[in-house]
Amino acid sequence: MTEGGTGTATTPGPRSDRPARSSRPQRGPSRARSRAYGVVGVLGELLITFGVLLFAFLAWQLWWTDVEGNRAQAEIVRDLDWQPVPTPEPTATASGPLVAQPRRDEAPPVIEEPPHGTTFATLQVPRWAGEPERPVSQGVDRPTVLDVLGIGHYPGTAMPGDVGNFALAGHRTTFGRPFHRVEELQVGDPIVVRTPDTWYVYRVTSTQVVLPSQVEVIAPVPDQPGAEPTERLITLTTCHPMFSARERFIVHGTLDYWAPVTDGTPAELLPGA
């Protein structure tokens, strides 16, 4: 009812001042979000690819180089055209290998220092049971000796059996890792070196850890540069600690005895030694 009359009337509702909503979808935030997801996805794929490549590199460096190194070094030793070690026929009174008798009363024969890369000796360490006979070659650079031939001889240091310091280097990890078990060595342990015709049996006298700059450990008299040598010594050098080149692990030894290969095998290399 309205004022001043009878009947009903329709009153219009309140009028809205807001504009009508558009039916078009708002794409701005959704498009940005999709773009961000795309960037994150690409970054994730790159990280996964990098991880796979890193894992493959580590597998090659820490495992496959050992496989190849051990195979190559075993082939080098197998192909050496050296005097064979005698193996006498068993008799009713004797059997087994011929044991070389130690010689200490006369100077051992000494071969001349060979050209770079020449394999001139082998090394065996009874303490490292299960390790193969390793070749020793002239030089200590990685590309042509340590990575491909095994143990290297520092040029200018003594040759096996000579007065002075027969100094060697070898990898502790990768490329066959010939000095992997160097920390197991104890004072008195034998280190057996062979040249084509001669055995040289050294004994460990000490071990130490030094900085890479302390090159005096391979001097003719270790740690005494300029001193005149009077003993027949051996030194093994390798990286320390494991998987690092921050320091060097050093093993020193002195010659115990020598024997001709034709006399047999050193007792230290025989079973039960």
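Read the figures in this text as sums done on the coordinates, not as results from a lab. Keep in mind that what you see is a predicted model, and the values were worked out from it rather than measured. We place every Cβ from the backbone using ideal geometry, glycine too, and count neighbours over all the protein chains shown.
Tabulated results
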quantity	calculated
Karplus 3J(HN,Hα) series, Hz, for region 101-107 with 6.51 cos²θ - 1.76 cosθ + 1.60 (x for Gly, Pro)	7, x, 10, 10, 8, 9, 5
Nonlocal amide H pairs with Arg181, under 5 Å, H built at 1.01 Å	none
Using θ = phi - 60° and Karplus 6.51 cos²θ - 1.76 cosθ + 1.60, couplings along region 150-162 (whole Hz; Gly, Pro as x)	x, 7, x, 9, 5, x, x, 8, 4, 8, x, x, 7
Fully extended contour minus Cα-Cα distance, from Glu228 to Arg104, at 0.36 nm per residue	42.5 nm
Distance in nm between pseudo-label sites at Arg31 and Val187 (7 Å out along the Cβ direction from Cα)	8.1
Sequence ranges 255-265, 163-173, ranked by mean other-Cβ count within 10 angstrom, highest first	163-173, 255-265
Neighbour-count order for Phe243, Phe179, fewest beta carbons within 10 angstrom listed first	Phe243, Phe179
